[in-house]
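Take a look at the structure below.
The values are calculated or read from the model by the stated rules, or taken from the named source; none is laboratory data. As the structure is a computational prediction, the values presented were derived from the model and not from experiment. Glycine also receives a Cβ, built like all others from the backbone with ideal geometry; neighbour counts cover every protein chain displayed. Calculation scope for accessible area: heavy atoms of the full protein, side chains included, ligands and nucleic acids excluded. Shrake-Rupley method; radii C 1.70, N 1.55, O 1.52, S 1.80 Å.
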Amino acid sequence: MLDKIFHNMTRFSALLILFIVAWIFVVLFDHSTEAMQAFGFDFIVKDEWAPNVDKFGAYAAIFGSVVSTFLAMLIAIPVAIGVAIFLSEIAHDRIKGFFGVSVELLAAIPSVIYGMWGLFYFVPILRDLFGGMGIGLLAAAIVLSIMILPFMAAVTRDAMNTTPDILKESAYALGGTQWDVIKDIIIPYAKAGIIGSLILALGRAIGETMAVTFVMGNVHHTPASILDPTTSIPVTLANEFTEADSSIYFSSLFGLALTLLVMSFVVIAVAKFYFLRKVRKGQ
């Protein structure tokens, strides 16, 4: 009897997740229908966003979301893997705990604090180095990379720590150097966990709102360079939802939210069901 109740409770919990996802999708689709009927495919490919004349194109926001996430991953991945290798294989036991806790504390800092730090202390540095306003795509990408770095480093470190000692000791016994053991034993053994950490970080980066809102500029224009201010989908939603004063404006913002949801699903699905499965088959 208890087994049956437990079985039904777990099945209900799993179905509840599917129901919530479907509910969110239906709500976003329903509220964005007016914008999709008014603009069609132009909503995705045009970057004119002018609420005063009821013209809405999401291209600049989509471009900002995709490029800032790509740059953040590009910056964070090598640093995170380097931190994980240091903590799992190189650092002495006496300092391993201190650095490990520091990485986990970095992950616990609220995103609004990263945004404030980025705006008041990091943007001036970029302005002095490259000129311009400092606020823009590059500032957003760097702040995002710092935010996702601890997640990737912590999960990658834990994955590397699962490598059996017998494999590493056998490699050393055959004359392998520490570099040989890391690249030929540890990374191949932990690659499923490393890919998993990248997926988690990607999911957080593409939907991050508060930190990016401080440093991206909120300008609805496709930037000519990574130093120019622009916007992203979460930034637009956070800044403009309370200002929507017409049904088409309101519907366009829901269209942006639906676009972000679809983008997130596609990116995570491709990463999880293609790359991660490919890695696991290779093991």
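Can you tell me the dipole magnitude for the chain around its Cα centre, using point charges on the Cβ only (Lys, Arg +1; Asp, Glu -1), in Debye to the nearest 20?
980 debye
Could the peptides 175-182, 255-262, 210-217 be put in order, highest first, of the mean number of other beta-carbon atoms found within 10 Å of their residues?
On the way: 175-182: 13.6, 255-262: 20.6, 210-217: 25.5.
The densest-packed peptide leads the list: 210-217, 255-262, 175-182.
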Next on the checklist: Accessible area per residue for the chain in Å², computed with a 1.4 Å probe and the full protein assembly in place, what is it?
Outcome noted: 55 Å²
Checklist entry - If you find the alpha carbon centre of region 1-52 and of region 136-201, how far apart are they in angstrom? => result 34 Å
Checklist entry - In the set (1) 19.1; (2) 21.3; (3) 20.5, which value of Kirkwood radius over Cα pairs in Å was calculated from the structure you see? => result (2)
Checklist outcome for this item: Candidate cut points under trypsin sites (Lys or Arg not before Pro) in region 16-119, DSSP loop plus at most 15 other Cβ atoms within 10 Å of their own Cβ, are Lys46
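Would you work out the charge dipole size for region 173-283 about its Cα centre, treating the Cβ of every Lys and Arg as +1 and the Cβ of every Asp and Glu as -1, and quote it to the nearest 20 debye? Could you put the intermediate results ahead of the total?
Working: 8 positive and 7 negative charges, 178 e Å.
That gives region 173-283 a dipole magnitude of about 860 debye.
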Item to check | Trp49 long-range amide H proximity, modeled H, under 5 Å | outcome: Gly57
Checklist entry - Ignoring ligands, DNA and RNA, what percent of the 1.4 Å accessible area of region 1-114 is carbon and sulfur? => result 74 percent
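Using a 1.4 angstrom probe with every protein chain in place, what is the largest-first accessible-area order of Phe25, Phe19, Phe254? Could the numbers behind the result be given before it?
Numbers: Phe25 85, Phe19 115, Phe254 30 Å².
Solvent-accessible surface, decreasing: Phe19, Phe25, Phe254.
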Checklist entry - When only the heavy atoms of the protein chains count and the probe is 1.4 Å, how do Tyr59, Tyr114 rank by accessible area, highest first? => result Tyr59, Tyr114
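If I stretch the segment between Val112 and Asn161 completely, what's the gain in nm (0.36 nm per residue apart, minus their alpha carbon distance), one decimal?
Numbers: separation 49, 0.36 × 49 = 17.64 nm, distance 3.19 nm.
Using 0.36 nm per residue and subtracting the Cα-Cα distance, I get 14.4 nm.
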Item to check | In sequence order, calculated HN-Hα J values of region 156-171 (Karplus, 6.51, -1.76, 1.60; Hz; x Gly/Pro) | outcome: 5, 4, 4, 5, 5, 5, 7, 5, x, 4, 4, 5, 5, 5, 5, 5
Next on the checklist: Under 21 Å between alpha carbons: how many lysine pairs meet that in the chain, if sequence neighbours fewer than 8 apart on the same chain are excluded?
Outcome noted: 12
Checklist entry - Based on the Cα atoms of region 92-174, what semi-axes does the equivalent ellipsoid have, where each is the square root of 5 times one gyration tensor eigenvalue, given in whole Å with the largest first? => result 37, 15, 11
